[in-house]
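Below you'll find the structure, written out as structure tokens, and then a few comments.
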Amino acid sequence: MNAYTFTARRAAPLLLSAALLLGGCALTAAPPLPAVLNIGDTAPEDLTVSGSTAYVSSISDGSVIRLDLNRGGAATTFVPAAGDAYRSAWGLRVVPGRNWLLSIQNQPYDFNPAHARASRLAAYDLGSGAKVASWNLPEGMVGNTVELDPAGNFYVGDIGPKPRIVRIDPATGSVTPWATSPLWQEGGFGIGGMAWGGAGLYASHNNALWYIGQNPDGSAAAPKPVKIAGDPVIFADGMTWTGGSIIYAENDVLVPGAHGSVFQVSFSTPTTAARTLLRTDLRDPSGVAVATVGGQASVLVAESQMGFAFGVDQGEPSRPYQIRVFAR
């Protein structure tokens, strides 16, 4: 037996084992997501996705749940329930460059402008779950949605009685006013969903979608309403940018029953677009995100059922609370 034959015979089992391992990996690849992901007994608010992991904030107790999308949405606690007054978690965003999850932490808010109290933005390490930073928002600001720009600054929209957007520089810790407008009505719902797209920020307010461009120095250009074909009412809560379009959730929190919907807004220019209905008959959807699992691109929607909290829907919400999943 020559050296080549001996080496080949020794290598053959190793090659076979490698082939079996590779075959096993193919056989155990993540399956597409089920139509419903159960997330427990606390009402969700926002939803964000990073790779094969989703994060869901709780408006009930301030916690954040982590979902393993490769394992059918298996749920674990990422941020435990709050132990202080900031026991209502709202907007979420992952900061890829810093490996952080941002979570807006509010004191409970009943949408009565007189009850608006200051909130804060907290950052958690995605690996350990440890809280690594926190920024207090201006007095009377009810943080709703948080977004990022390409330079790594954070933007928080105020859904309280004063519609405004503040910017946070994580390098310096500064929290400064960024965008407001005399066209934005004060005294009711402020800024709803937000999404950074292209060279500026999209935000919903007063039944319309607005575009706030970013000037070369980083300041906000004057907000402009987006002209959408058919001039529909835009009452957006959760919102995500999908490259040339926005997918957003519209809840029916002030209307009894399950009539919440998900729409897609596709842009021809930064301020002109067309809208398409993607899904309806949802239970007060408040957060939306997109994910690709098992080769299937999906939209994930958090059903908050907040109509029960406001006394619009009678009885008790269905439990466990759920994330709805449908193909893009």
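The values are calculated or read from the model by the stated rules, or taken from the named source; none is laboratory data. The structure displayed is predicted, hence computed values, not measured ones. Positions of Cβ are generated from backbone atoms using ideal geometry, with glycine treated the same way; all protein chains shown enter the neighbour counts. We work out accessible area using only protein heavy atoms, side chains counted, and drop any ligands, DNA or RNA first. Shrake-Rupley method; radii C 1.70, N 1.55, O 1.52, S 1.80 Å.
State the answer as a single residue: which of Thr42, Val290, Gly62 lies farthest towards the positive end of the charge dipole of the chain, with beta carbon charges of +1 for Lys and Arg and -1 for Asp and Glu, about the Cα centre.
Toward the positive end, the furthest listed residue is Val290.
Probe radius 1.4 Å, ligands and nucleic acids ignored: give me the carbon and sulfur share of the accessible area of the range 112-219 as a rounded percent.
52 percent
Go through Val325, Pro225, Gly160 and say which Cα lies farthest out towards the positive end of the charge dipole of the chain; charges sit on Cβ, +1 for Lys and Arg, -1 for Asp and Glu.
Comparing the listed Cα positions along the dipole, Val325 ranks first.
Among the chymotrypsin sites (Phe, Trp or Tyr not before Pro) within the range 225-328, which fall in a DSSP loop and have no more than 16 other Cβ atoms within 10 Å of their own Cβ?
Passing sites in the range 225-328 are Phe310.
Which whole-Hz couplings ³J(HN,Hα) result when phi for each residue of the range 33-44 is put into the Karplus expression 6.51 cos²θ - 1.76 cosθ + 1.60, θ = phi - 60°, listed in order with x for Gly and Pro?
With coefficients 6.51, -1.76 and 1.60, one gets 5, x, 6, 9, 10, 7, 10, x, 9, 10, 5, x Hz.
Have a look at the range 89-201 and give its Rg and Dmax from the Cα atoms, expressed in angstrom.
Reported Rg and Dmax, both Å: 13.6, 43.
Check Arg328: other-chain or 5+ apart residues with amide H under 5 Å from its amide H, H built from backbone geometry?
Ala297, Ser298, Val299
Taking all pairs of distinct Cα atoms, average 1/r, flip it, and tell me the Kirkwood hydrodynamic radius of the range 77-140 in Å to one decimal place.
Taking the inverse mean of 1/r over all distinct Cα pairs, the range 77-140 comes out at 12.5 Å.
Take the Cα radius of gyration of the range 38-150 and divide it by 2.2 N^0.38 Å, with N its residue count; two decimals is plenty.
So the Cα radius of gyration is 1.03 times the expected 2.2 N^0.38 Å.
With every protein chain kept in place and ligands, DNA and RNA left out, what is the accessible area per residue of the chain? Probe 1.4 Å, answer in Å².
On a per-residue basis, 44 Å².
Give the Rg (one decimal place) followed by the Dmax (whole number) of the chain, computed from C-alpha coordinates and expressed in Å.
For the chain, the Cα radius of gyration and maximum Cα-Cα distance read 22.2, 91 Å.
Tell me the net charge near Leu201. Cut-off is 15 Å between Cβ atoms, Leu201 excluded, with +1 for each Lys or Arg and -1 for each Asp or Glu.
The answer is +1.
Any chance you could list the semi-axes, whole Å, largest first, of the equivalent ellipsoid that the Cα gyration tensor gives for the range 211-274, using √(5λ)?
26, 13, 11
List the residues, sorted by chain then number, that are 5 or more residues from Asp46 or on another chain and whose placed amide H is less than 5 Å from its amide H.
Ser57
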